[in-house]
Amino acid sequence: MKQKIIITGGTGYIGSHTAVEFIMKGFNVVLVDDLSNSEVSVLDRIQEITGTKPLFEQIDLTDNNRTKSFFNAHKDASGVINFAALKAVGESVKKPIKYYHNNINILLNVLENMENQGISNLIFSSSATVYGLPDVLPITEENQTKRPTSPYGNTKKVAEEIIEDLTKVSESLNAISLRYFNPIGAHDSLKIGEAPNGIPNNLMPFITQTAAGIRRELKIFGNDYDTPDGTAVRDYLHVVDLAKAHVLAFERLISNQSKSNFEVYNLGTGTGYSVLDVINSFEKTTGISLNYSYDKRRDGDVPQLYSNPNKAQTNLNWKALLTLDDMTLSSWKWEQNLRNGY
Ligand code: UD1
């Protein structure tokens, strides 16, 4: 019997890549998404990659009645991977209630229904933003979490605290929170990848859209940081490496290897690259010269954020394998495929 797992936000960027990895490992995957930031055609594309079309339900998980019937129909699931969330940092600053309402209510409904149906294993999709402005680099899981610089980021921090509180009293809940650094790139098949609505907020899709002529110019936010070239440093990791970590973390949960019923892991390569490093890699791997200029720092950005990923390597046997060049080239190939209708 295949183990069933529920993936919320399963048609989104990271959710779809994770669905592929779980299907390839022989899991029976059920995706749920409200399709507010993804397309239903992702299901056919997952089928083209894996040979299996996952079960799918279009549900707004802030609606607890619908969430209840969904969980009732899938009470045989062995766990949940919770990606469903709004994620536009800038929008969250302008509309905090929308972000707290959506991201926190989804989590509460998922937790309540897991508890009611006796589903114990949860992977939560968190972010390095929970470290705020870090005192120590590279960041280990021992770094203190701090007030993130946006309401979006704070939904991740509060969500982790809610899960941790619940694991202290719940008889059954067994959770792992995965703190992603900066996921970029796309699946090798070029059937799935990041497809932001409107003007991208994040660096990589802005670069690929500029190269494709959709945006006139990339603005580099700040060149006066205390970093080797003055531009901000991040820990970029390939989304396929990231997706694989979810399978390993889930296997740790179901085989009861966790040392406590709430564990956190950094997921990054451990190497920091500046905005200029990313641009240089993109120009080298694609042969395209990118139109860019310098602008002032973006509010809420921290100068440097990169991980020490050793805990994930030791406990999950996970290591990011793909390089920055792999990531920038794959992002570009995906952008072209996306524009050509996959
Ligand atoms: C942000 C969020 C993070 C979230 C991630 C993915 C914060 C502090 N960070 O990461 O929680 O998980 O997005 O949604 O809330 N840059 C430019 N020009 C651009 C765009 C970006 O120079 O047009 C620079 C930024 O200043 C930054 C780097 O590129 O230094 C990466 O930016 P971005 O891709 O937006 O990710 P983060 O802000 O690191």
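Taken together, the values in this text are just the output of simple stated rules run on the coordinates, not laboratory data. Owing to the predicted nature of the structure, the values given are computational and were not obtained by experimental measurement. Glycine gets a Cβ as well: all are built from the backbone with ideal geometry, and neighbour counts include every protein chain shown.
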- Please sort 228-234, 216-222 by packing, taking for each peptide the average over its residues of neighbouring beta carbons within 10 angstrom, highest first. 228-234, 216-222
- Item | Least to most buried among Val32, Val302, Val20 (fewest other Cβ within 10 Å first) | Val302, Val20, Val32
- First check a/c for segment 266-342, with a ≥ b ≥ c the square roots of the eigenvalues of its C-alpha gyration tensor; if it is under 1.5, answer rounded, and if not, answer prolate when a/b is larger than b/c or oblate otherwise. oblate
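Using the per-residue mean of other Cβ atoms lying within 10 Å as a proxy for protection, in what order, highest first, do the peptides 288-295, 58-65 fall?
58-65, 288-295
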- Return the tail of the calculated pair distribution for segment 49-122, meaning the percent of Cα-Cα pairs more than 20 Å apart. 38
- Task: List the residues whose amide H sits under 5 Å from the amide H of Val233, counting only those 5 or more places along or on another chain, with H placed 1.01 Å from N in the peptide plane.
- Result: Gln304, Leu305
- Note on the structure: For segment 323-333, Karplus-derived ³J(HN,Hα) couplings (6.51, -1.76, 1.60; θ = phi - 60°; whole Hz; x for glycine and proline) come out as 8, 4, 4, 4, 5, 5, 5, 5, 4, 5, 4
- Message: Over segment 231-340, what is the relative contact order in percent, taking alpha-carbon pairs closer than 8 angstrom and at least six residues apart?
- Response: 45
- Task: Return the sequence-ordered ³J(HN,Hα) values of segment 280-291 in whole Hz as given by the Karplus equation 6.51 cos²θ - 1.76 cosθ + 1.60 applied to θ = phi - 60°, using x for Gly and Pro.
- Result: 4, 4, 4, 5, 5, 6, 9, x, 9, 9, 8, 7
- Farthest toward positive dipole pole in segment 155-314 [+1 Lys/Arg, -1 Asp/Glu at C-beta], among Val169, Asn261, Val275: Val275
- Calculate the all-directions average of the projected area of segment 146-241's alpha-carbon convex hull, and give it in nm². 9.5
- Given Cα pairs under 8 Å that are at least 6 residues apart, what percent is the relative contact order of the chain? 19
- Note on the structure: Treating only Lys and Arg (+1) and Asp and Glu (-1) as charged, each at its beta carbon, one finds that the chain has a dipole about its Cα centre, in Debye to the nearest 20, of 280
- Query: So what J values fall out for segment 231-248 if you push phi through Karplus, 6.51 cos²θ - 1.76 cosθ + 1.60 with θ = phi - 60°, rounded to Hz, Gly and Pro as x?
  - Reply: 9, 5, 10, 9, 9, 7, 9, 6, 4, 6, 4, 4, 4, 4, 4, 5, 5, 5
- Message: Using alpha carbons only, how many angstrom separate the centre of segment 36-89 from the centre of segment 110-184?
- Response: 20
- What base-10 log of the normalised intensity I(q)/I(0) is obtained for segment 116-190 from the Debye formula, alpha carbons as equal point scatterers, at q = 0.13, 0.15, 0.19, 0.21 Å⁻¹? -0.49, -0.62, -0.86, -0.96
- Query: Based on the alpha carbon coordinates of the chain, what radius of gyration and maximum Cα-Cα distance (Dmax) apply, in Å?
  - Reply: 19.2, 57
- Given the pairs Lys259/Lys319; Lys53/Lys156; Lys2/Lys68; Lys75/Lys95; Lys95/Lys311; Lys156/Lys191, which are separated by over 27 angstrom at their Cα positions? Lys53/Lys156; Lys75/Lys95; Lys95/Lys311; Lys156/Lys191
